[in-house]
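J.: Let me begin by handing over the structure; questions about it come next.
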Amino acid sequence: MKNTAISFLKMMEMFPDAESARKYIEGRRWPNGVICPYCNESKPITIRKRAGFYRCNDCHEDFTVRTRTIFGRSHIPLHKWLLAMYLLVTARKGISSMQLSKELGIGQTGAWFMLQRIREACGNDKSVLSGIVEVDEVYIGGKESNKHLYKRVNVHGKLDKKIPVVGMREKEGRTKATIVQTTDSIALSKVVFENIEPGSTLHTDEYKSYRALDQDYKHETVNHASGQYAHNGVSTNSIESVWAVMKRGLHGVYHQVSKKHLARYISEFTFRLNDGNVTRTSMERLASLIDASFGKRLSYRTLVRGSISE
């Protein structure tokens, strides 16, 4: 049987210091030799006196493997970045910044910033789904009845403060999810057209907003209102299982996520279902996340502009 798991202890042995991590990341980013991240030229590159530092003689810029990646301008050693990425991609429901700070021996604020940067890399999926695709919507947010009185903004059980998210999952394939402002037919159609190839088969419940998709897709439904959850091979059970895992992670691990940062958490969960799938080896999953980190940047100023909540 194929061994798909590498323990955290083994990861620490493989990457005991920043230098070993740097060489591994450079091998992923520049398998055929160093390339300038500013002008994309491979020659001529001058190696500086310090290991891992380079200068492009074409555009005269200095750079390292961190340049124009999620690791840029971070004082945390690269081997701790690799360990953080390993923990995130192998934890089915995620890992909190408090737990990560204990595992890596860094401050909680630094761990939170690391995780948000890694989640930024997770949201780099440009693929288009096809074949049989299940589509469903979910509302993320706490119940008004459970909030303090001064925080309650609606009455009569309306979903004013809940955030609608649309999820799409291929049959035995990839998963995508995105936040929407509303779940009317226009908004749902836009999301589906952007993420699912026309002519594909859609499996949904009987929510009326999906009817607008009938002209461009083969649309089959199940009637949840009558207790029907699978009929002649049609169901939304797979995408609903995604919501179940996501909700357990958001509620059980992160406890509270603000609307400002929710999209990154959704990217984390979908990445783990796709490129972080447990059928792949731990190193394959880690490599996919490292590859996704190149060309992605997130400054602390951009991240904290507004309220912080986890």
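Values quoted throughout were computed directly from the atomic coordinates according to the rules given, and no laboratory measurement underlies them. From a predicted model like this one, the values you see are computed outputs, not experimental measurements. Counting neighbours? That spans all protein chains shown, and the Cβs are built from the backbone with ideal geometry, glycine included.
J.: From the C-alpha gyration tensor of the chain, pull out the three semi-axes of the equivalent ellipsoid (sqrt of 5λ each), sorted largest to smallest, in whole Å.
T.: They are 38, 23, 19 Å, listed largest first.
J.: Work out, step by step, the length gained on full extension between GLU197 and ASP125: first 0.36 nm times the residue separation, then minus their alpha carbon distance; give nm to one decimal.
T.: Result: 24.4 nm gained on full extension.
J.: Further, regarding this structure: For ILE132, what residues show an amide H to amide H distance below 5 Å, using hydrogens built from the backbone and excluding near sequence neighbours?
T.: LYS171, THR201
J.: Pull out the extension gain between ARG73 and ARG28, defined as 0.36 nm times the separation in residues minus the alpha carbon to alpha carbon distance; nm, one decimal.
T.: Contour length minus Cα-Cα distance gives 14.2 nm.
J.: So, one more: For region 132-272, what percent of Cα pairs sit more than 23 Å apart?
T.: 37
J.: Please identify the cysteines of the chain that lack any partner cysteine with a Cβ under 4.7 Å from their own Cβ.
T.: CYS122
J.: Using modelled amide H (1.01 Å from N, peptide plane; none on Pro or chain starts), what sits under 5 Å from the amide H of ASN277, excluding residues fewer than 5 places away?
T.: Sorted by chain and number, the residues that satisfy this come to none at all.
J.: Then there is this: Taking the DSSP beta bridges in the chain as the whole, what percent of them are antiparallel, to the nearest 5?
T.: Here the antiparallel bridges make up roughly 70 percent for the chain.
J.: Roughly how big is region 132-272's charge dipole about its Cα centre, with Cβ charges of +1 (Lys, Arg) and -1 (Asp, Glu), in debye to the nearest 20?
T.: 940
J.: Which order do peptides 87-95, 227-235, 112-120 fall in by mean Cβ count within 10 Å, highest first?
T.: Going by the mean number of other Cβ atoms within 10 Å, highest first, we get 112-120, 87-95, 227-235.
J.: Any chance you could run the full-extension gain for THR302 through THR279? It's 0.36 nm times the residue separation minus the Cα-Cα distance, nm to one decimal.
T.: Difference between extended and current length: 4.7 nm.
J.: Each residue of region 209-219 in turn: what ³J(HN,Hα) in whole Hz from Karplus with 6.51, -1.76, 1.60 and θ = phi - 60°, glycine and Pro shown as x?
T.: Once θ is set to phi - 60°, the couplings for region 209-219 become 5, 6, 5, 5, 8, 4, 6, 9, 9, 7, 10 Hz.
J.: So how far, in whole Å, is the C-alpha centre of region 274-290 from the one of region 167-246?
T.: So the separation of the two Cα centres works out to 26 Å.
J.: Between ALA230 and ILE186, what is the label-to-label distance in nm when each label sits 7 Å out along the Cα-to-Cβ direction?
T.: Those two pseudo-labels are separated by 3.8 nm.
J.: What distance in nm separates the simple spin-label points at VAL245 and MET98, each placed 7 Å from Cα in the Cβ direction?
T.: About 2.5 nm, to one decimal.
J.: Which ordering of THR69, THR204 is given by a fewest-first count of other beta-carbon atoms within 10 Å?
T.: Lowest count first: THR69, THR204.
J.: Which of THR175, HIS261, LEU188 sits farthest toward the positive end of the charge dipole of region 132-272, with +1 on the Cβ of Lys and Arg and -1 on the Cβ of Asp and Glu?
T.: HIS261
J.: HN-Hα J couplings of region 294-301 from phi, Karplus 6.51/-1.76/1.60, θ = phi - 60°, integer Hz, Gly and Pro as x?
T.: Ordered by residue, 3J(HN,Hα) equals 6, x, 10, 9, 8, 7, 5, 4 Hz.
J.: With the chain treated as a Gaussian network of Cα nodes joined by springs under 10 Å, which of SER96, SER258, SER282 yields the largest mean-square fluctuation?
T.: Sorting by GNM fluctuation, first place goes to SER258.
J.: Amide H of ILE140: which non-local residues (sequence gap of 5 or more, or other chain) have their own amide H closer than 5 Å, using H built in the peptide plane?
T.: Hits under the 5 Å cutoff: ILE163, VAL165.
J.: Dipole size in debye (nearest 20) for the chain around its Cα centre, Lys and Arg Cβ +1, Asp and Glu Cβ -1?
T.: Charge dipole, the chain, about its Cα centre: 1300 debye, nearest 20.
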